[in-house]
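A short worksheet on the structure shown next.
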Amino acid sequence: MKKLLLIMVLVAGCFVSTSFGQARAPQMEIFGGVAIPLAPEGFKDYFKMGFSPHFQYVMFPTQKLGISFGVDYEYFTFDDGKIKSDFDDLGITGVDITGGASNVEFSIGIRPYITDPEASTQIFLYAMGTYNLLSQESEIDYDSYWESFGLVDEKITDDTSEPGFGGGVGMEIPAGDSFNMIIQGVFRSILTEDESTNFLGLSAGIVF
């Protein structure tokens with residue numbers, strides 16, 4: 001995946017250096033939305049839907065192709081209700097687990113437009129390679145019953161970095177003389193150990 005990111009950077013550089021004169025002006029995009037856990041089961045079942053702000057800078061080597069550079073953030077909290085319910089089913093009481101997981105994502109993407117440049121509403125496809133800084137933090141609280149067995153409250157953290165990729169579709173809609181609205185849906189996959197971590201991002205924002 002690191003090789004893929006390098007190749008995408010080189011491709012972007014070639015496009016910019018050889019044909020930038022044909023392009024429309026570059027644009028900045030700020031948007032936010034939600035991230036829906038999809039896989040693996042532990043992520044899908046025990047984390048709530050997250051929130052996700054984004055920033056992207058897009059260059060246009062041609063009228064119908066954009067090269068994007070993005071920084072995104074996703075945060076998911078534990079579904080403590082689901083955890084408690086499963087503990088109750090197992091007859092375990094007096095144990096509370098709270099916390100969440102976050103991801104800082106750096107991306108390079110290719111955005112081909114499927115509408116004519118003259119169209120007021122622009123529809124595009126999107127593919128990207130990502131580098132992800134993952135962090136998970138959980139706190140386990142035991143009541144006096146469990147403490148009598150020598151168990152004490154603890155805090156667990158886990159940080160890692162992993163490559164990934166994504167793809168989806170989006171739309172730019174005129175909203176004023178100097179900016180557009182953007183709506184985007186992107187499937188993201190992080191190549192974590194054993195099984196990929198997947199989620200669906202749905203977001204909206206402004207382009208200027």
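The values are calculated or read from the model by the stated rules, or taken from the named source; none is laboratory data. Given the structure is predicted, the values throughout are model-derived calculations rather than measurements. Here the Cβ is made from the backbone with ideal geometry for all residues, glycine too, and neighbour counts use every protein chain on show. With ligands, DNA and RNA removed, areas are computed over all heavy atoms of the protein, side chains included. Shrake-Rupley method; radii C 1.70, N 1.55, O 1.52, S 1.80 Å.
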- Relative contact order computed over the stretch 115-169 (Cα-Cα under 8 Å; 6+ residues apart), in percent: 48
- Note on the structure: Helix 80-89: inclination vs the chain longest Cα principal axis, degrees, rounded to 10, gives 40
- What ³J(HN,Hα) values, in whole Hz, does the Karplus curve 6.51 cos²θ - 1.76 cosθ + 1.60 give for the stretch 135-140 when θ = phi - 60°, with x put for Gly and Pro? 9, 10, 9, 9, 10, 10
- Query: What is the percent of Cα-Cα separations in the chain that go past 27 Å?
  - Reply: 42
- Among the aspartates and glutamates, which fall within straight-line cross-link reach of residue 84, defined as a Cα-Cα distance under 16 Å, with same-chain neighbours fewer than 8 residues apart omitted? 45, 96, 139, 141, 143
- Grab the DSSP H runs of the chain that are 4 residues or longer, score each as -39,500 (n - 2.57), total them, divide by all residues and round the 222 nm result to the nearest 500 deg cm²/dmol. -5500 deg cm²/dmol
- Quick one: grab Rg to one decimal and Dmax as a whole number for the stretch 135-174, Cα atoms only, in Å. 21.0, 64
- Task: Calculate what fraction, in whole %, of the accessible area of the chain sits on carbon and sulfur atoms when a 1.4 Å probe is rolled over the protein chains.
- Result: 62
- Taking only protein heavy atoms and a 1.4 Å probe, what accessible area per residue, in Å², does the chain have with all protein chains in place? 53
- Query: Which order do peptides 83-92, 139-148, 53-62 fall in by mean Cβ count within 10 Å, highest first?
  - Reply: 53-62, 139-148, 83-92
